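Visitor: Below are the structure tokens for one structure; questions will follow.
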Ligand SMILES: C[S@@+](CC[C@H](N)C(=O)[O-])C[C@H]1O[C@@H](n2cnc3c(N)ncnc32)[C@H](O)[C@@H]1O
């Protein structure tokens, strides 16, 4: 359990480092203070702190002197909104810090490829709809919501989407969600954009089944959507998931990454930065050797379909049957011969492949890493959004059979401390 206690204090200091989760750090007499939205060389006066997960976090501070690494943020909500911690930092510095933090966590020095676009790059936004506002949660707060007017990292059209939502809620008289009481009728609006196709999907996540009159108004307000869903949420958790019902338009929208098309459905995961995805796919392709590839944790087939289009013979394994179905549809849509099946990676015998791609969830491979070590596979491409989990998998298991040959970082998440790593592992001789 974590402890909360607020303390008034006044400490002035220079930000001398960055934590792995992107907070500026100040060395104080009684230890380190973590300051969100601050950057190296800022001078700040910390006025209030709170203990959280064993760390002293600044909850109120004044910026006395700005670091030369700062830039003017591109969003009026920056500094409160939990979406972006690093918008106030020049993009080149963001990339430098990501490389540095990755090297510190893993010991691997890697080149980093910046996102081709740093505004309007996200292809999905989940706006929480609450009695205190519609938007994203405030940084560090489970209950406070920033009532958004814009979100330039998502789309120029965000104001239009939010205007339609506000108009619709008012006309239909629907109750937004109460985060504390866990009651209400509408919980989220999810909007997805195919950046290269211009297609738009709108999905309202609600706790009620709509009457026909409500659906009529819903269709009118969101007539711009190529695909319109109303999802019914059965639980009270703050996530944008429910049982989907197509209200209007197409069941899927499409995204195009160069010559590959991907279908997107409200219940399927898709890499969130369409522009940097091209770089990620090319990095995976460059590291894949031979002809026969096994795509583990294959999701909707993002890597597998791309590689099959480039002439590799591909099989994929994924736990979620819905994602496997999407991957098979994606294979058909692109006219490629890739086979995806439902299974747990930990229980999948690894046959004779030239390359195995792994893109595990945040917790990493864990026991599945031993299967790779025991396999005869020469070449493994590890895609990771969590350097700590990669390090544990490598040090505890993979290093018994593999060495790191090359690594590249792709910035899928500008204005946040996160980065995607692609590591090529070669079997030790
Ligand atoms: C980081 S996502 C990768 C998705 C995919 N590579 C993509 O880019 O779209 C991780 C995927 O692993 C799947 N997964 C989680 N645990 C698994 C397991 N034990 N065996 C197989 N798949 C699993 C999840 O359902 C999810 O689709």
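Visitor: What is the calculated FRET efficiency for residue 363 to residue 319, with r their C-beta to C-beta distance and R₀ = 22 Å, to the nearest 0.05? Walk me through the intermediate numbers first.
Guide: Details: r = 13 Å, r/R0 = 0.59.
After rounding to 0.05, the efficiency reads 0.95.
Visitor: Related question: According to the square roots a ≥ b ≥ c of the eigenvalues of the Cα gyration tensor, what is the shape class of the stretch 124-255, taking rounded for a/c under 1.5, prolate for a/b larger than b/c otherwise, and oblate for the remainder?
Guide: Working: a/c = 1.58, a/b = 1.16, b/c = 1.35.
Note, shape of the stretch 124-255 comes out oblate.
Visitor: If all Cα-Cα distances of the stretch 180-231 are sorted into 10 Å bins from 0 onward, what percent lands in each bin, rounded to whole numbers?
Guide: Once binned at 10 Å, the Cα pair distances of the stretch 180-231 give 23, 49, 22, 6, 0.
Visitor: Ok, one more. In vacuum, with every alpha carbon of the stretch 1-70 counted as one equal point scatterer, what does the Debye formula give for log10 I(q)/I(0) at q = 0.17, 0.20 Å⁻¹? Two decimals, please.
Guide: So the normalised log intensities are -0.53, -0.73.
Visitor: Here's something else I'd like to know. Within the stretch 138-167, name every residue whose backbone N is under 19 Å away from a label modeled 7 Å from Cα of residue 197 along the Cβ vector.
Guide: In the stretch 138-167, the label zone of residue 197 (backbone N under 19 Å from the point 7 Å along Cα→Cβ) covers 155.
Visitor: To continue, here is another question. Where both residues lie in the stretch 226-356, what percent of DSSP beta bridges are antiparallel, nearest 5?
Guide: On the way: 11 of 23 bridges.
In the stretch 226-356, approximately 50 percent of DSSP beta bridges are antiparallel ones.
Visitor: State the antiparallel share, in %, of DSSP beta bridges confined to the chain, rounding to the nearest 5. Present the calculation step by step, with values, prior to reporting the outcome.
Guide: Numbers: 71 of 102 bridges.
Bridges in the chain are about 70 percent antiparallel.
Visitor: Separation between the residue 236 and residue 51 pseudo-spin-labels, each 7 Å from Cα along Cα→Cβ, expressed in nm?
Guide: If labels sit at residue 236 and residue 51, their model points lie 3.0 nm apart.
Visitor: So, one more: Would you calculate, for the chain, the mean residue ellipticity at 222 nm contributed by helices, counting each DSSP H stretch of 4 or more residues as -39,500 (n - 2.57) and dividing by all residues, to the nearest 500?
Guide: Calculated mean residue ellipticity at 222 nm is -6500 deg cm²/dmol.
Visitor: Suppose R0 equals 35 Å; then what is the FRET efficiency for residue 19 and residue 259 from their Cβ-Cβ distance, rounded to the nearest 0.05?
Guide: 0.30
Visitor: Also: Running a GNM on the chain with Cα contacts under 10 Å, which residue among 227, 341, 68 ends up with the highest mean-square fluctuation?
Guide: 68
Visitor: What is the packing order of peptides 18-31, 192-205, 285-298, taking the mean over residues of other C-beta atoms within 10 Å and listing the highest first?
Guide: Sorting 18-31, 192-205, 285-298 by mean packing, highest first, produces 192-205, 285-298, 18-31.
Visitor: Oh, and also: Based on the alpha-carbon gyration tensor of the stretch 269-427 and its eigenvalue square roots a ≥ b ≥ c, which shape applies: rounded if a/c is under 1.5, prolate if not and a/b is larger than b/c, or oblate? Each step should come with its number before you reach the end.
Guide: Values: a/c = 1.43, a/b = 1.11, b/c = 1.29.
Since a/c stays below 1.5, the shape of the stretch 269-427 is classed as rounded.
Visitor: Here's something else I'd like to know. What Kirkwood hydrodynamic radius, in Å, does the stretch 135-187 give when the mean of 1/r is taken over all pairs of distinct Cα atoms and then inverted?
Guide: After inverting the mean inverse Cα-Cα distance, the result is 12.4 Å.
Visitor: A follow-up question, please. Mean-square fluctuation check for the chain, GNM, Cα pairs under 10 Å: which of 391, 180, 90 is largest?
Guide: 180
Visitor: Whole-Å semi-axes of the stretch 264-315's equivalent ellipsoid, largest first, each the root of 5 times a Cα gyration tensor eigenvalue?
Guide: After diagonalising the Cα gyration tensor, the semi-axes are 20, 14, 8 Å.
Visitor: Determine, at each q value in 0.14, 0.23, 0.29 (inverse angstroms), the log₁₀ of I(q)/I(0) that the Debye formula gives when each Cα of the stretch 340-410 is one equal point scatterer.
Guide: Per q value, in the given order, log10 I(q)/I(0) is -0.40, -1.14, -1.72.
Visitor: Roughly how large, in nm² to one decimal, is the mean projection of the convex hull of the alpha-carbon atoms in the chain? Don't jump to the answer; show the numbers that get you there.
Guide: Values: hull surface 85.4 nm².
Averaged projected hull area, Cα only: 21.4 nm².
Visitor: Among 86, 313, 306, rank each residue by its count of other Cβ atoms within 10 Å, from fewest to most, as a rough exposure measure.
Guide: In order of increasing Cβ crowding within 10 Å: 313, 86, 306.
Each value in this text was obtained by applying a stated rule to the coordinates, not by laboratory testing. It should be emphasised that the depicted structure is a prediction, and the values quoted were computed from it without experimental measurement. Every residue, glycine as well, gets a Cβ built from its backbone with ideal geometry; the counts of neighbours run over all protein chains shown.
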